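A short write-up of the structure that comes next.
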Amino acid sequence: MEAGEQTKRVPLWRSLQTKYALTYLVVIAAVLVLLNTYPVLASQEMVFQSKQTSLQSQASVMASALAGPDSLSEEGAARVMEVLGDPGLSRVLVTGPSGLVLYDSAQRAVGQYALLREVAAALGWEDNFRSDFSQGAFHSRTATPIVYRGMTLGAVYVEEYDIFAGQFLVNVQQTLRTISLVITIAALLLSVVFSKAITRRLGQLLGAIRIVREGEYSHRVKLSGRDELTQLAGEFNDLTDRLQTTEEVRRRFVSDASHELKTPLASIRLLTDSILQTGDIDPDTVREFVGDIGSEADRLQRITEHLLALTRLDAGAPVAAEPVEVALVARRAEHMLEPLARAVDISLSMELEEGVWVRCTRDDLYQILFNLMENGVKYNLPGGKLWVRVRRVEDRVEITVEDTGVGIPAEDVDKVFDRFYRVDKARSRAAGGTGLGLSIVQDTAKRHGGTVSAQRREPEGTRFTVVFPLCEGGEEE
Ligand code: ADP
């Protein structure tokens, strides 16, 4: 991906901020709709029910008071209603069996027919009640038949126009609206503040990633809070730490490697210049110089071979490991080193347990053993000793290479596995060392699940211990 493509801004409609704010608002809107409908509908329903009970019972009381032969005249009905007193209703009608109005609390319809749905229903013995809420008032009506000795003598119609309950409901509605408005404003503000805070912190992270991507590995991101984003920032910083370390190691390696290659090249240059520029140089000197050029070229070759070996190990290419018998490989290394050891008067002694197998490749195991044994000879003293021991310890295989040589100072014991690290540069050079042998040993052992460590040997010399997991039944395989 192009750098520009990665850094371009996310459009607002696709941004996390918008999505976050929208989700927040949708949830709040749903809550508000619920808040503004359910309580109002529930209270309306409650008022309807209480109105029905109270109106129907009032109508029934009137109907039973009117249930008598004398009541079914205009005077009779008026008398009974007077006795009953003011019922606190908007209107009360008393009708005869045909719906003719005998009594009207509003004094308007006496002598007319009450063309009301409720009256017709009551005369037909049907249960009826109607209530509605409009313009801040509850308007309710019902009618009940007047029954005397099983006969329908007429009906009582009652009607109520209640503005108090209506007002109460209007107040509830208004309060809910005010609360909703406050919640909406608060939600809007909060959603903007929160989403901005999140995007700001994400922006900080993104900015840090870009800075590190440009190669500034020392940059770290600092995020406040203790949420997942802070965790993410912590992980990112850890990752950058590792990247920085790796980068430093890589830089050091490249500079060390170029330095190591430069030295023999400079020697070669010097030697060739001497040959070319010296007028009457004698053939023996030329031969000597050419010999030196040859050994410098050998050194270059060794360094490049070791570098290549390390590069292959770094690449971590899969290996076709197989069961390898350690004693066999150790004997091969002994065979190869014998002439060198003899030349510097070092005695080799091998204590090899037979039938001990590890899962490795022959070449890798040989490389490990040969490098350690060669060091044991190179850094030894004339007349010194070198022991190689292979034994099985529980489910592991322990290989020790021990010498009576110059030893390694305590402070250097762990550093000898670092690339290009040498305790005594001159001695290593003189012995043809590259400072890479032990790094190769360590990386190769690691690659096959093994470890290698160095210890000082008392009273003198060094002991290297390699431990591998045992490969059981290697013989059968
Ligand atoms: P080199 O090619 O220089 O031998 P190595 O990686 O094999 O590089 O070893 C690194 C350094 O560790 C050597 O230069 C040497 O100083 C020290 N060293 C390794 N093996 C021994 C040993 N058996 N005794 C003393 N010093 C050792």
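In region 183-192, is there at least one residue being over 16 Å from the mean Cα position of the chain (by Cα), open to solvent by 40 Å² or more (accessible area, probe 1.4 Å) and closer than 30 Å to F138 by Cβ? Yes: one or more hits.
Here are L261, L223, L276, L229: which of them is within 30 Å of A197 (Cβ to Cβ), modelled with pLDDT under 95 and in a helix (DSSP H, G or I)? Explain how you work it out, then say what you get.
Values: L261 fails: within 30 Å of A197 (Cβ to Cβ); L223 fails: in a helix (DSSP H, G or I); L276 fails: within 30 Å of A197 (Cβ to Cβ).
After ruling out the rest, the residue left standing is L229.
Considering only residues that are among the β-branched types (V, I, T) and in contact with a helix residue (DSSP H, G or I) (Cβ under 7 Å, 6 or more places away or on another chain), look in region 23-58 and name the one that is farthest from F129 (Cα to Cα).
To start, the set of residues in region 23-58 that are among the β-branched types (V, I, T) comprises 23, 26-28, 31, 33, 37, 40, 47, 53.
Among the residues that remain, those that are also in contact with a helix residue (DSSP H, G or I) (Cβ under 7 Å, 6 or more places away or on another chain) are: 28, 40, 47.
Numbers: I28: 38, V40: 21, V47: 13 Å.
So the residue we want is I28.
Scanning region 456-470 for residues that are surrounded by fewer than 16 Cβ atoms within 10 Å (Cβ to Cβ) and within 11 Å of the ligand (Cβ to nearest atom), which turns out nearest to H306 (Cα to Cα)? Restricting to residues being surrounded by fewer than 16 Cβ atoms within 10 Å (Cβ to Cβ) and within 11 Å of the ligand (Cβ to nearest atom), the top hit is R456. All of V83, V110 fail the test of being farther than 17 Å from V147 by Cα, assigned to a loop (DSSP other than H, G, I, E, B), open to solvent by 50 Å² or more (accessible area, probe 1.4 Å) and in contact with a helix residue (DSSP H, G or I) (Cβ under 8 Å, 6 or more places away or on another chain), apart from V110. State whether one or more residues within region 332-348 are closer than 23 Å to G449 by Cβ, assigned by TED's automatic domain parsing to the domain that holds A454 and not in a strand (DSSP E or B). Yes, region 332-348 contains a residue that is closer than 23 Å to G449 by Cβ, assigned by TED's automatic domain parsing to the domain that holds A454 and not in a strand (DSSP E or B). Take R130 and tell me if it is of a type outside the set (S, T, N, Q), out of contact with any strand residue (DSSP E or B) (no Cβ under 7 Å at 6 or more places or on another chain) and open to solvent by 50 Å² or more (accessible area, probe 1.4 Å). No. Taking the criterion of being in contact with a strand residue (DSSP E or B) (Cβ under 9 Å, 6 or more places away or on another chain) and closer than 22 Å to K385 by Cα, the residues of region 413-449 that qualify are V413, V416, L438, V441. Scanning region 437-451 for residues that are out of contact with any Asp or Glu (no Cβ under 8 Å at 6 or more places or on another chain) and more than 11 Å from the ligand (Cβ to nearest atom), we see that the one that is farthest from A321 (Cα to Cα) is T451.
Only one of L66, L22, L72 is modelled with pLDDT of 90 or more and in the same structural domain as N171 (by TED's automatic domain parsing); which? Give the derivation first.
Working: L22 fails: modelled with pLDDT of 90 or more; L72 fails: modelled with pLDDT of 90 or more.
Checking each option against the conditions leaves just L66.
From the set of residues in region 394-428 that are charged (D, E, K, R) and open to solvent by less than 70 Å² (accessible area, probe 1.4 Å), which is farthest from the ligand (Cβ to nearest atom)? So, considering only residues that are charged (D, E, K, R) and open to solvent by less than 70 Å² (accessible area, probe 1.4 Å), the one farthest from the ligand (Cβ to nearest atom) is E398. If you go through region 285-325 and keep only what is more than 16 Å from the ligand (Cβ to nearest atom) and touching a Phe, Trp or Tyr at 6+ places or on another chain (Cβ under 9 Å), you end up with P323, V324, E325.
Helices (runs of 4 or more DSSP H) fully within region 353-462 that include at least 2 residues being under 43 Å from the mean Cα position of the chain (by Cα), hydrophobic (A, V, I, L, M, F, W, C) and modelled with pLDDT of 95 or more: 362-378, 437-447.
Residues checked against (1) outside any helix (DSSP H, G or I); (2) surrounded by 18 or more Cβ atoms within 10 Å (Cβ to Cβ):
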position	(1), (2)
W125	yes, no
V156	yes, yes
G166	no, yes
Q173	no, no
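Of the candidates L300, L340, L348, the single residue that is within 30 Å of A266 (Cα to Cα) and in contact with an Asp or Glu (Cβ under 8 Å, 6 or more places away or on another chain) is L340. Against the list (1) near the ligand (Cβ under 7 Å from one of its atoms); (2) out of contact with any strand residue (DSSP E or B) (no Cβ under 6 Å at 6 or more places or on another chain), the condition E354 fails is (1). Reported count of residues in region 362-393, each being under 23 Å from E305 (Cβ atoms), surrounded by fewer than 17 Cβ atoms within 10 Å (Cβ to Cβ) and in contact (Cβ under 8 Å) with a residue 12 or more places away in the chain, is 1.
So which of R287, R251 ends up being charged (D, E, K, R), open to solvent by 90 Å² or more (accessible area, probe 1.4 Å) and more than 60 Å from the chain's Cα centre (by Cα)?
On the way: R251 fails: more than 60 Å from the chain's Cα centre (by Cα).
None of the others qualify; the one that does is R287.
The values are calculated or read from the model by the stated rules, or taken from the named source; none is laboratory data. Since the structure is predicted, the reported quantities are computational estimates derived from the model, not experimental observations. When we count neighbours, we look across all protein chains shown, and the Cβ atoms used for this are built from the backbone with ideal geometry, even at glycine. We work out accessible area using only protein heavy atoms, side chains counted, and drop any ligands, DNA or RNA first. Shrake-Rupley method; radii C 1.70, N 1.55, O 1.52, S 1.80 Å.
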